[in-house]
Amino acid sequence: MPSEFDLIRRYFTRPARHTDLAVGDDAALFRVAPGMQLAVTTDTLTVGTHFFHDASPRDLGWKTLAVNLSDLAAMGASPRWATLALILPAADEGWIAAFSEGFFDCAGRYGVELVGGDTTRGPLAMTVTLFGEVPAGQAITRAGGQPGDDLWISGWPGLAALGLMHLQNRVQLADAGQALAALHRPVPRVEAGEALRGIARAMLDISDGLAGDLAHLCECSKLGAMLDAGALPLAPLIAAGADESLARHALLVGGDDYELLFSAPPEARDVLAALALKLDLPFTRIGQLTGEAGSILLADGQGASPRPLDARGYDHFAPHA
């Protein structure tokens, strides 16, 4: 039976290129580049809450890091270093090897070095703390929105929620492949976040559902919002096999998307169109911020009066059906 230290050496130690001292000592040592601020985020994934017991360990390794990368992307920060704390029910080397491969696939893709962490026995869970850099004063927060700003969203929100519904047999999708990929191996929008520095005024990632996360952005910016139901990017969800009602529900309240929701002035529309082409990533304009703090409305685009949008996102401590 391998020891804790054997597992760390075998599966979680890699050569460090940008770190003064990484895995193997009591603490890591690294230096932030001159003129940069340190951005730090932490997320925990637990079995039964964030993933099923039979989840692919390789996919889980990828997602464990990707959800943290999404948080840094939402700040316009560039990821650099990570720590990983693993709680394992047993020292299953096959599972650990696959998890490690997925984790380092993601780390290599985004230039992250694993610089430390911990392993212990217990119910399966993993916690990543991720450190990144952003030019001083250029981080994009949730509080910078201004009345009249356009609201934009990246990518294809709602697909991950459809994938989860499919696995739970709540819906049977004609083509579940893209939805399941979005759920199991989310693509953090790191390049987009970096490119949006100086363009986006307020930003966050969509992890708890568009409606709920929009409410967070509005609360921090002390503004309201008007969404255009006709502008919501439902086409990929409908193509996967959802009807329009289910597609709208998945997009607005589904969560687990890790796309970027951001505001920008209307004069940035041409710049954003060009940036979307450069990144090969859709940016969809879905509404605008208003001066009516706390008022989040959904317009149907057909002349009816806008109606209040239920802004409840996912809450770990709220009762769930």
| message | Going by what's in this entry, would Met203 be described as closer than 22 Å to Pro57 by Cα and either in contact (Cβ under 8 Å) with a residue 12 or more places away in the chain or part of a helix (DSSP H, G or I) (or both)? | response | no
| query | Which of the residues that make up the range 31-72 are out of contact with any helix residue (DSSP H, G or I) (no Cβ under 9 Å at 6 or more places or on another chain) and not hydrophobic (A, V, I, L, M, F, W, C)? | reply | Arg31, Pro34, Gly35, Gln37, Thr44, Thr46, Gly48, Thr49, His53, Asp54, Asn68, Asp71
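In the range 105-143, which residue that is touching a Cys at 6+ places or on another chain (Cβ under 8 Å) and within 15 Å of Ala39 (Cα to Cα) is most open to solvent (accessible area, probe 1.4 Å)? Talk me through it step by step, then tell me what you get.
Step one: filter the range 105-143 for residues touching a Cys at 6+ places or on another chain (Cβ under 8 Å), giving 112, 141-143.
Subset that is within 15 Å of Ala39 (Cα to Cα): 112, 141-142.
Numbers: Val112: 14, Thr141: 60, Arg142: 98 Å².
Ranking the candidates gives Arg142 first.
Yes or no: Ala211 crowded, with 19+ Cβ neighbours inside 10 Å, within 18 Å of the chain's Cα centre (by Cα), of a type in the set (A, V, I, L, M) and under 28 Å from Val67 (Cβ atoms)? Step through it out loud before you land on a result.
On the way: crowded, with 19+ Cβ neighbours inside 10 Å: yes; within 18 Å of the chain's Cα centre (by Cα): yes; of a type in the set (A, V, I, L, M): yes; under 28 Å from Val67 (Cβ atoms): yes.
Against the criterion (crowded, with 19+ Cβ neighbours inside 10 Å, within 18 Å of the chain's Cα centre (by Cα), of a type in the set (A, V, I, L, M) and under 28 Å from Val67 (Cβ atoms)), Ala211 qualifies.
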| said: What's the total number of residues in the range 73-98 that are out of contact with any Asp or Glu (no Cβ under 9 Å at 6 or more places or on another chain) and open to solvent by less than 10 Å² (accessible area, probe 1.4 Å)? | reply: 1
| request: Taking the residues in the range 55-73 that are among the hydrophobic types (A, V, I, L, M, F, W, C) and more than 12 Å from the chain's Cα centre (by Cα) as candidates, determine which candidate is farthest from Ala85 (Cα to Cα). | output: Ala55
| Given the conditions (1) open to solvent by 40 Å² or more (accessible area, probe 1.4 Å); (2) within 14 Å of Ala125 (Cβ to Cβ); (3) at pLDDT 95 or above, and given that Lys63 satisfies all but one, which numbered condition is not satisfied? | (1)
| When the range 241-267 is examined, which residues are found to be open to solvent by less than 10 Å² (accessible area, probe 1.4 Å) and over 21 Å from the mean Cα position of the chain (by Cα)? | Ala242
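The values are calculated or read from the model by the stated rules, or taken from the named source; none is laboratory data. These numbers come from a predicted model, not from an experiment. Glycine also receives a Cβ, built like all others from the backbone with ideal geometry; neighbour counts cover every protein chain displayed. Quick note on the areas: whole protein, heavy atoms, side chains included, nothing else; ligands and nucleic acids left out. Shrake-Rupley method; radii C 1.70, N 1.55, O 1.52, S 1.80 Å.
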